[in-house]
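The values are calculated or read from the model by the stated rules, or taken from the named source; none is laboratory data. Because the structure is predicted, anything quoted here is derived from the model rather than measured. Cβ placement follows ideal geometry from the backbone for every residue including glycine, while neighbour counts extend to all protein chains displayed.
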Amino acid sequence: MTDNYEYNRSMHRQSENEYSPYNDKQANNYINDINSGVYQNNGLSLVQFDLSSIYNSSVMTDTNDLFVVIPIVMVAAFSTNANNGTLVAPAAGNVNLLSLKNNFLHLIHQADITFNNKSTGEDLQPFVNIAKHFQILSEMSYGDLNQLGYTLGITKPDNWKSKVYNGSTSATITAKSGNGMTNNRPFVTTISGFGGGGVAVNNTCTSLQYASCVNDAIGYRLGRYTDTTGNQNGFYGTTAASIATLSQLTSDFIPTYQVLNTNYMVWYDYAVIRLNTLFNSLGAIGLTNRADIFVRLYLNTGTINVDCSSPNTATLGYSLVPTNNGFNGSCPFTINHLPDISANGGIPATTANITAGLYVAKVPSTVYRGVNLSLCNASHPMPACRCYYSQITIQPELKEEYIMNNREKKIIYRTVLTNQYNNVTSGANFNQLISSGITHPTGILIVPMVSSQASYSFGDFAYKSPFDTFPGDGHPLSLINLQVTIGGKNILQSVLNYNYESFIEQIQSCEQLTSADFGVNTGLFDQSWWNANRFYFVNVERSNVSDKLETRNLNISFTNNNNVPIDILVFTFKSNTAIIDVMTGIFTPA
């Protein structure tokens, strides 16, 4: 503590009611979505919430407290033939086959929010999950990660040393954990002792062992699920000697793994997503009497069918072709590489295909190669999505003061615009008008990935791969001669051969991703991670106020300094202004 802090703290006048201005706060209230339990579950699935019904004249709600819980069902089945759909019973330990990617936000492809049934607060933009995931990584400290990460589906960053690039769509897949970029190996690759689930730490991998180094972050995410197919560590069971039964786990909202109808592996989970992370406007509003808000979330759901070679061995291989991938946006889970005998948790010997999918609440009918996952008859214990909100009673004299001062509350919030460009060839110069007539941009995020062109990947976009942890992390792709131009003015003093030092300078000196100042301890990035997961961020906030309010053109240029063509996603963060009446909830864009 500094001398000034100690002095000013001692000077502070204390009172009996300074601990809280609230008389009461209840945070366990919720409403269901308005889908009536019906979800498309094939491609993008729309979930809608009408929050106007939570109005109560005697209490207020804090829009920062709003969060949704999505009942996730993941299902997988093994089959013996490419077309006939003859199923194979799973082995003990196949609980480790599927895991969600890093951050529940990857369940959401795009979202929008409307106020008063007419005023659009934030527009639909695709791949909002990627922009918001980067935002969280840049804001979150390791203390935040330890405290909140499990709840939000966030672990430490995925191990970059376990990445393997298989740039071929060839059907020859022996000993490959997938085609394209892969990072789906959660356990040590050894034919003996696999079932023990040993996890290698980063520094155990020598220069000759990187191909078998494991992604221990997947191991942590797999730890979410209680395996109800056996007496897991004496915790779950059907006898009096166990700690809990399945019904008790369900009532406590514990994620579980079950085998249903003999052949179907089912994972139940509860995905918690804070709405103020998705919608910066909700973070800016704060306390309000009426929250006349309508929210639409488009969720990444779908089914995948993966080819499998040499199961029940250490040379297990996976591959996927685009026609067997039912995801339109990001694939939010990984199919994990389990190269061992089935007795130790590996893939059963007669398996030729793995059919897997992720859905909301219930499993739809599927038709991939004769496998219908709906025959598992899985139904999530929570049949609908929920939105939780707070009800707050403020001390009367303070409530009156708050409302009087905020009948026309000005809020500043940030939204994101998305652009996608494909097949920037090796060595090519990219120069593109990203936006014409944009007002008050604050930051540019460029996310490159190995191109979807068939000769360099598995023939589809990286974000759709069940073998890659993208978009939870990135690809080790180099962009040089980087420049951003707004209104004809170069933002960077000179074109950059962008490196980690450039990255840190841009994010630590920028306040656009969070309301608090960045400090050296903020964010989960380090140089070893960034070198293998390149995100390119440029702060464009600094300019005269008069310039910020003018419409200007935004251009980006760079050189693809890689041996492969690349696809890129460009996210433009921009500032918006609105007026809200905290008593009536009337929202007026300024």
Note to self: Being β-branched (Val, Ile, Thr), in contact with a strand residue (DSSP E or B) (Cβ under 7 Å, 6 or more places away or on another chain), surrounded by 20 or more Cβ atoms within 10 Å (Cβ to Cβ) and within 27 Å of ASN29 (Cβ to Cβ) is true for just one of VAL68, VAL75. Which residue is that?
What the structure shows: VAL68
Note to self: Against the condition touching a residue at least 24 places away in the same chain (Cβ under 8 Å) and within 16 Å of the chain's Cα centre (by Cα), how does TYR150 come out, does it pass?
What the structure shows: yes
Check: In segment 55-99, how many are among the small types (Gly, Ala, Ser) and part of a strand (DSSP E or B)?
Finding: 4
Next item on the list: Could you grab me the full set of residues in segment 525-561 that are within 21 Å of SER426 (Cβ to Cβ) and among the β-branched types (Val, Ile, Thr)?
Entry: ILE556, THR559
Next item on the list: Answer yes or no: is there a residue in segment 67-77 that is more than 25 Å from GLY149 (Cα to Cα) and either free of Cβ contacts under 8 Å to residues at least 12 places away in the same chain or more than 18 Å from the chain's Cα centre (by Cα) (or both).
Entry: yes
Notebook entry, point to check: Which members of segment 216-228 meet the condition of being buried (at least 16 other Cβ atoms within 10 Å of the Cβ) and in a loop (DSSP other than H, G, I, E, B)?
Noted result: ARG224, TYR225, THR228
Next item on the list: Pull up segment 37-52, narrow it to residues that are over 23 Å from the mean Cα position of the chain (by Cα) and touching a residue at least 12 places away in the same chain (Cβ under 8 Å), then point me to the one that is surrounded by the fewest Cβ atoms within 10 Å (Cβ to Cβ).
Entry: GLY37
Item checked: Filter result (of a type outside the set (S, T, N, Q), under 17 Å from GLY178 (Cα atoms) and in contact with a strand residue (DSSP E or B) (Cβ under 7 Å, 6 or more places away or on another chain)) within segment 338-356 -> ILE347, ALA352, ILE354, ALA356
Checklist line | Matching entry among ALA271, ALA284, ALA244 (being closer than 30 Å to ILE394 by Cα and hydrophobic (A, V, I, L, M, F, W, C)) | finding: ALA284
Next item on the list: Could you please find all residues in segment 413-422 being more than 23 Å from GLU541 (Cβ to Cβ) and surrounded by 13 or more Cβ atoms within 10 Å (Cβ to Cβ)?
Entry: TYR421, ASN422
Notebook entry, point to check: From the list ASN353, ASN336, which one is crowded, with 22+ Cβ neighbours inside 10 Å, polar (S, T, N, Q) and in contact with a Cys (Cβ under 8 Å, 6 or more places away or on another chain)?
Noted result: ASN353
Next item on the list: Taking THR572 as the residue in question, decide whether it is polar (S, T, N, Q), at negative phi and modelled with pLDDT of 95 or more.
Entry: yes
Notebook entry, point to check: Residues of segment 451-485 being of a type in the set (Asp, Glu) and out of contact with any Asp or Glu (no Cβ under 8 Å at 6 or more places or on another chain), which ones?
Noted result: ASP460, ASP468
Check: If you take the residues of segment 510-535 that are within 16 Å of GLY143 (Cβ to Cβ) and of a type in the set (Ser, Thr, Tyr), which of them is modelled with the highest pLDDT?
Finding: THR522
Checklist line | Residues of segment 541-590 that turn out to be β-branched (Val, Ile, Thr) and without any contact (Cβ under 8 Å) to a residue 12 or more places away in the chain, as a count | finding: 1
Check: Given LEU100, LEU87, LEU124, which one is under 13 Å from the mean Cα position of the chain (by Cα) and at pLDDT 90 or above?
Finding: LEU100
Next item on the list: Filter segment 237-287 down to residues that are free of Cβ contacts under 8 Å to residues at least 12 places away in the same chain and touching a Ser or Thr at 6+ places or on another chain (Cβ under 9 Å) and give me whichever is surrounded by the fewest Cβ atoms within 10 Å (Cβ to Cβ).
Entry: THR238
Check: Limited to segment 536-569, what total is found for residues that are modelled with pLDDT under 95 and in contact with a helix residue (DSSP H, G or I) (Cβ under 7 Å, 6 or more places away or on another chain)?
Finding: 3
Check: When segment 11-54 is examined, which residues are found to be assigned to a loop (DSSP other than H, G, I, E, B), under 19 Å from TYR389 (Cβ atoms) and hydrophobic (A, V, I, L, M, F, W, C)?
Finding: ILE34
Next item on the list: Would you mind telling me which numbered condition in (1) of a type in the set (S, T, N, Q); (2) surrounded by fewer than 22 Cβ atoms within 10 Å (Cβ to Cβ); (3) under 22 Å from LEU482 (Cα atoms) SER451 fails?
Entry: (2)
Checklist line | segment 533-590, subset among the aromatic types (Phe, Trp, Tyr) and out of contact with any Lys or Arg (no Cβ under 7 Å at 6 or more places or on another chain), residue nearest to LYS399 (Cα to Cα) | finding: PHE587
Item checked: In segment 23-79, residue modelled with the lowest pLDDT [restricted to those that are over 24 Å from PHE333 (Cα atoms) and in contact with a helix residue (DSSP H, G or I) (Cβ under 7 Å, 6 or more places away or on another chain)] -> ALA27
Checklist line | Criterion (surrounded by fewer than 14 Cβ atoms within 10 Å (Cβ to Cβ) and either assigned to a strand (DSSP E or B) or over 28 Å from the mean Cα position of the chain (by Cα) (or both)) met by exactly one of SER390, SER436 | finding: SER436
Item checked: Residues located in segment 522-554, provided they are over 27 Å from the mean Cα position of the chain (by Cα) and basic (Lys, Arg) -> ARG542, LYS548, ARG552
